[in-house]
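Chemist: My questions will all concern the structure given below.
The values are calculated or read from the model by the stated rules, or taken from the named source; none is laboratory data. From a predicted model like this one, the values you see are computed outputs, not experimental measurements. Every residue, glycine among them, receives a Cβ derived from its backbone with ideal geometry; neighbour counts consider all protein chains shown. For accessibility, only protein heavy atoms count, side chains too; no ligands or nucleic acids. Shrake-Rupley method; radii C 1.70, N 1.55, O 1.52, S 1.80 Å.
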Amino acid sequence: MEFINAFITKIYPLSEASLEKFRAIFIEKKMKKATVFVKAGEVPSKFYILKSGIVRSFITNEKGKNHIRTLFTPIKTTGSLTALIKNEPSKFSYDCLTDCTVLEGSFNDFIKLTELHHDISLFYNKVLENVYLTVVGRIRELASLNATERYIKLNKEIPNINNLIAQYHIAAYLNITPVQLSRIRKELYSK
């Protein structure tokens with residue numbers, strides 16, 4: 001499982017014994033595009049490490065419009081962390097925007113490992129710090145960057161995004177309409 005070693009090392013190194021126990025809680029799964037693996041309103045028990053593909057977390061308003069909160073790309077964790085921590089129904093749904101390969105793990109098994117292994121607990125702390133910094137960065141982006149700047153930033157973060165997922169998903173992530181996205185793209189590509 002070289003993939004999991006790379007994921008761990010990127011965040012916080014674990015001892016060989018802890019790494020072995022961490023690896024043991026996961027199974028690899030292939031998910032087809034449009035697979036919903038966390039449903040809003042349901043209490044999740046699993047978390048995921050994205051090995052390949054693109055996943056979104058989204059909320060659907062009362063009019064049926066989807067608002068994308070996060071786009072996940074490899075190597076990132078995904079799943080409804082708030083719902084897992086609080087053991088309550090998720091407010092967001094998570095689905096695959098492309099075919100995906102994930103490592104699926106039991107959150108309860110992971111928490112037990114954090115209680116038994118100090119280095120896994122420190123690893124979890126680093127994961128939570130990264131999640132916090134990502135959320136704060138996203139809030140700052142929405143508050144301080146205009147739509148064109150957000151689109152340019154997204155293209156730098158996920159090269160070739162326009163060929164990977166539907167334009168209406170990109171627009172939903174940028175918090176703009178597909179028409180606005182079309183205008184931005186036209187303006188950028190005409191230069």
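Chemist: Run the dipole for segment 80-128 about the Cα centre, Lys and Arg Cβ at +1, Asp and Glu Cβ at -1, nothing else charged, and hand back the magnitude in debye, nearest 20. Could the numbers behind the result be given before it?
Modeler: Numbers: 4 positive and 7 negative charges, 45 e Å.
Charge dipole, segment 80-128, about its Cα centre: 220 debye, nearest 20.
Chemist: Taking the 0 to 90 degree range and rounding to the nearest ten, how far is the long axis of helix 178-190 tilted relative to the main principal axis of the chain, both from C-alpha atoms?
Modeler: 80 degrees
Chemist: Considering only protein heavy atoms, what is the solvent-accessible area of Val136 at a probe of 1.4 Å, reported in Å² to the nearest 10?
Modeler: Accessible surface of Val136 is approximately 60 Å².
Chemist: Further, regarding this structure: Using the alpha-carbon atoms, what tilt in degrees (0 to 90, nearest 10) does helix 118-144 show relative to the longest principal axis of the chain?
Modeler: 10 degrees
Chemist: Now for a separate question. Anything over 30 Å Cα to Cα? Flag those among Lys21/Lys156; Lys65/Lys86; Lys91/Lys153, in the order listed. Walk me through the numbers on the way to the answer.
Modeler: Numbers: Lys21/Lys156 36 Å; Lys65/Lys86 26 Å; Lys91/Lys153 27 Å.
Correct reply: Lys21/Lys156.
Chemist: Less than 19 Å apart at the alpha-carbon level, and either on another chain or at least 8 residues along: which aspartates and glutamates does that give for Lys191?
Modeler: Glu149
Chemist: Assign unit charges at the C-beta atoms only (+1 for Lys and Arg, -1 for Asp and Glu), then state the dipole size of segment 108-191 relative to its Cα centre in Debye, rounded to the nearest 20.
Modeler: Dipole of segment 108-191, to the nearest 20 debye: 560 debye.
Chemist: Report Ile152's accessible area, 1.4 Å probe, all protein chains in place, as a number in Å² to the nearest 10.
Modeler: 70 Å²
Chemist: Taking 7 Å along the Cα-to-C-beta vector as the label spot, tell me the Asp109-Leu188 distance in nanometres, rounded to one decimal.
Modeler: In this crude label model, Asp109 to Leu188 measures out at 4.1 nm.
Chemist: Only Cα pairs within less than 10 Å get springs; with that Gaussian network setup on the chain, which residue of Pro44, Pro89, Pro159 has the largest fluctuation?
Modeler: Pro159
Chemist: Moving on. Which residue, Leu122, Leu133, Leu97, tops the fluctuation ranking in a GNM of the chain built on C-alpha contacts under 10 Å?
Modeler: Of Leu122, Leu133, Leu97, the Gaussian network model singles out Leu133 as fluctuating most.
Chemist: Rounded to the nearest 500, what is the 222 nm mean residue ellipticity of the chain from helices alone, with -39500 (n - 2.57) per DSSP H run of 4+ residues and division by all residues?
Modeler: The helix contribution divided over the chain gives -15500 deg cm²/dmol.
Chemist: Taking the Cα centre of segment 1-146 as origin and charging only Cβ (+1 Lys, Arg; -1 Asp, Glu), how large is the dipole, in debye to the nearest 20?
Modeler: 580 debye
Chemist: Of Phe26, Phe37, Ile4, which is farthest towards the positive pole of segment 1-79's charge dipole, taken about the Cα centre with +1 and -1 on the beta-carbons of Lys, Arg and Asp, Glu respectively?
Modeler: So the residue we want is Phe37.
Chemist: Next question. Aspartates and glutamates within cross-link reach of Lys46: Cα-Cα under 16 Å, excluding same-chain residues under 8 positions apart?
Modeler: Glu28, Glu88, Asp95, Glu104, Asp109
Chemist: Just to be sure I understand: with springs between alpha-carbon atoms less than 10 Å apart, which residue in Ala17, Ala172, Ala83 has the highest mean-square fluctuation in the Gaussian network model of the chain?
Modeler: Ala17
Chemist: Sticking with this structure for a sec: Using the Kirkwood formula over every pair of different C-alpha atoms, what hydrodynamic radius in Å results for segment 40-147?
Modeler: 15.1 Å
Chemist: Give the accessible area for Lys76 in Å² (nearest 10); use a 1.4 Å probe, count only protein heavy atoms, and leave out ligands, DNA and RNA.
Modeler: 90 Å²
Chemist: Just one of (i) 32, 18, 16; (ii) 37, 21, 14; (iii) 29, 23, 16 is semi-axes √(5λ) of the Cα gyration tensor in Å calculated from these coordinates, so which is it?
Modeler: Answer by label: (i).
Chemist: Roughly what would the spin-label model give for Asn87 and Glu149, points 7 Å off Cα along C-beta, in nm?
Modeler: Taking the simple label geometry, Asn87 and Glu149 are separated by 4.4 nm.
Chemist: From the square roots a ≥ b ≥ c of the eigenvalues of the alpha-carbon gyration tensor of segment 114-163, which class results: rounded (a/c under 1.5), prolate (a/b over b/c), or oblate?
Modeler: Oblate is the answer for segment 114-163, as a/c is 1.5 or above yet b/c matches or exceeds a/b.
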